[in-house]
Amino acid sequence: MNTSTKYNQLMIKIENDLILLKEKIKKHQKDFNRNNTNWGFIGDLEYVSNEIDEVVKFFNNKYCLITLFVKM
């Protein structure tokens, strides 16, 4: 397998995972709406939000480093 094939496979997987995540969040919101005094739902979203923040930071830092090395 070459890098392009693997990259494209991973992109498709991530796109599908994001679609699934949106579906799961919609269900989570419906469950919360039925039991909106349960702080567990807030904890769930806080955990997911923090994980997403880490992924975004990873890409921000990665591209900053790549840009720095390309300019050298």
*asked:* Regarding region 16-38, can at least one residue be identified that is touching a His at 6+ places or on another chain (Cβ under 8 Å) and either of a type outside the set (A, V, I, L, M, F, W, C) or at pLDDT 95 or above (or both)?
replied: no
*asked:* Ile12 - would you say it is at pLDDT 95 or above, among the β-branched types (Val, Ile, Thr), within 16 Å of the chain's Cα centre (by Cα) and part of a helix (DSSP H, G or I)?
replied: yes
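The values are calculated or read from the model by the stated rules, or taken from the named source; none is laboratory data. What you see is a predicted model; the values in this text were computed from it and never measured. Cβ atoms come from the backbone with ideal geometry, glycine included; neighbour counts cover every protein chain shown.
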